[in-house]
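Here is the structure we will look at.
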Amino acid sequence: MIVNENWLRFLHRIYSRSGRWGWSVTRRIKPMGWGMMVIALMTAILGTDIPRSGVYIYFCGAVSLLLVGFIWFWFRRARLVAVRHLPAYASVDEELRYASEVTNVGRAKARALELEEWSPDPRPSWEEFSRQPEPGEEMRNIVDRHLLYYRWTWLQDRKRGFDSLPGEVIESLAPGESRLVTFHLTPQRRGLLQLADLRALLPDPLGLFQRCLRVPASEDHLIVLPKRYRLGDFVMPGQARLHLGGEAAANTVGQTGDFLNLREYRPGDPFRTVDWKTWARTGSPVVREYEENFFPRYGLILDTSGPGGPKFEEAVSVAASFVASIDTRECLLDLMFVKGTAIRSTAGRGVAKPGKLLQTLATVEAESESHFDSLLSLVGRHQDGLTACLVVFPGWNDERADFFNRLQRIGLEIEALAVAGPDDETSERPGRVHVLRVGHLEEDLQAATSRFSYS
């Protein structure tokens with residue numbers, strides 16, 4: 001269904017303004033306040049005949065309580081500053097706990113307040129609203145497709161960075177006093193999470209309204225890593241092609257091979273291999289000789305082509321699951337994907353920790369166009385050092401099948417995982433392409449890894 005652009009702009013304007021107003025009002029009126037407003041409205045309707053009805057007494061009582069609560073709420077004040085103490089990383093759908101140091105910089109004592117971290121404005125922009133349909137939107141009825149309210153809520157859920165719980169209640173905070181307050185939030189999406197809106201909630205004593213004052217604090221950012229799944233027992237091959245640990249590894253972790261023997265010093269030998277005690281005893285320079293260490297090197301290829309959405313996010317999570325599970329203390333792992341250009345990022349012994357690859361996956365984005373030729377060229381340049389490759393596809397189609405076949409023709413040992421939605425056709429696929437169903441990722445991953453058939 002094609003929606004007129006003017007109608008789209010009208011809907012975006014209405015939803016945007018009503019969303020901002022609704023969020024502001026609902027945060028400042030507590031459930032008890034809404035209940036009292038309903039009582040005032042009902043008693044106003046039922047008590048119109050004042051001489052014959054006593055209901056107006058309840059109306060006057062409800063209005064009086066609302067008026068007292070509103071006046072008290074309006075004069076609630078506090079002057080606070082805060083400093084957040086954040087961890088290095090967080091993960092999607094995993095509760096994060098951190099502390100903020102809150103200081104009362106005002107002259108009066110702050111009483112009965114809560115602190116809450118508000119997420120960034122989740123309202124989608126015009127470009128997002130007009131260009132990103134809700135998955136399955138074409139299956140909705142004609143009214144929903146015309147009003148696009150579900151598209152609006154879906155986009156808001158995608159942009160909402162985290163769900164948070166209010167911090168602990170501070171009963172009293174004297175002027176100049178500081179206190180550590182614990183916060184709990186659950187990130188909803190990977191990437192760079194911005195924390196820039198800390199609020200002090202100051203309710204009135206009747207519990208009808210609350211003032212939401214912004215607490216000055218620096219804008220902090222947190223890297224949210226992709227969701228990871230538990231994998232089944234699997235063994236990556238390590239006999240076909242081996243990669244020398246190299247100078248980088250030796251510089252970082254010291255000499256790693258088994259000791260072989262002592263021999264005379266030769267020009268060019270590194271000083272770290274000199275056996276100083278033997279030199280002092282014999283009077284001639286002697287070095288320790290070690291067996292060279294070789295490590296297998298694996299390629300993890302993430303297909304970033306096509307639109308973003310649930311399948312792409314799950315593909316990123318699958319790639320992150322392997323990054324977190326493969327023991328890079330005894331191998332090297334190359335993450336290869338396209339982000340404008342073909343990129344290779346390496347982790348492993350003496351190079352970098354897996355956290356580097358997880359950070360990379362936290363910010364990877366879907367590409368509007370496919371770049372399989374660039375990705376194939378990148379793999380081809382490094383194929384001599386690769387032991388085996390694992391490819392993760394966000395879906396399966398003829399173009400991806402052709403890319404997989406071209407990879408196999410290079411001569412690499414390859415296994416592939418294709419994330420499939422309920423409507424995807426995945427029957428025609430090679431035997432080494434394992435299908436992972438959205439909604440059953442962990443179950444299918446464990447089954448797929450147990451069937452890996454690297455030869």
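The values are calculated or read from the model by the stated rules, or taken from the named source; none is laboratory data. Here the structure is a predicted model, which is why all the values come from computation and not from measurement. Note that we place each Cβ from the backbone using ideal geometry, even for glycine, and neighbour counts take in every protein chain shown.
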Qualifying residue in the range 210-219 (condition: out of contact with any Lys or Arg (no Cβ under 9 Å at 6 or more places or on another chain), in a strand (DSSP E or B) and not hydroxyl-bearing (Ser, Thr, Tyr)): no
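Each row is one residue, and each column tells you yes or no for (1) surrounded by 15 or more Cβ atoms within 10 Å (Cβ to Cβ); (2) closer than 24 Å to Gly161 by Cβ; (3) not hydrophobic (A, V, I, L, M, F, W, C).
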| site | (1), (2), (3) |
| --- | --- |
| Ala347 | yes, no, no |
| Leu361 | yes, yes, no |
| Ser374 | no, no, yes |
| Arg381 | no, no, yes |
So which pairs qualify, if the first residue must be in the range 263-288 and loosely packed, with under 10 Cβ neighbours inside 10 Å, the second must be of a type in the set (Asp, Glu), the Cβ gap must be under 7 Å, and the two must be at least 6 apart or on different chains? Ser284/Glu264
On the given criteria, is Ala44 of a type in the set (Gly, Ala, Ser) and closer than 18 Å to Ala112 by Cβ? no
Inspect the range 175-185 for any residue being among the hydroxyl-bearing types (Ser, Thr, Tyr) and either outside the structural domain of Ala99 (by TED's automatic domain parsing) or modelled with pLDDT under 90 (or both) and give the result as yes or no. no
Of everything in the range 1-26 that's charged (D, E, K, R) and more than 18 Å from Thr153 (Cβ to Cβ), which residue is surrounded by the most Cβ atoms within 10 Å (Cβ to Cβ)? Arg9
Which listed residue, of Arg288, Arg272, is farther than 30 Å from Gly191 by Cβ, in a helix (DSSP H, G or I) and either modelled with pLDDT of 90 or more or not acidic (Asp, Glu) (or both): Arg272
Within the range 92-118, count every residue that is among the hydroxyl-bearing types (Ser, Thr, Tyr) and crowded, with 19+ Cβ neighbours inside 10 Å. 1
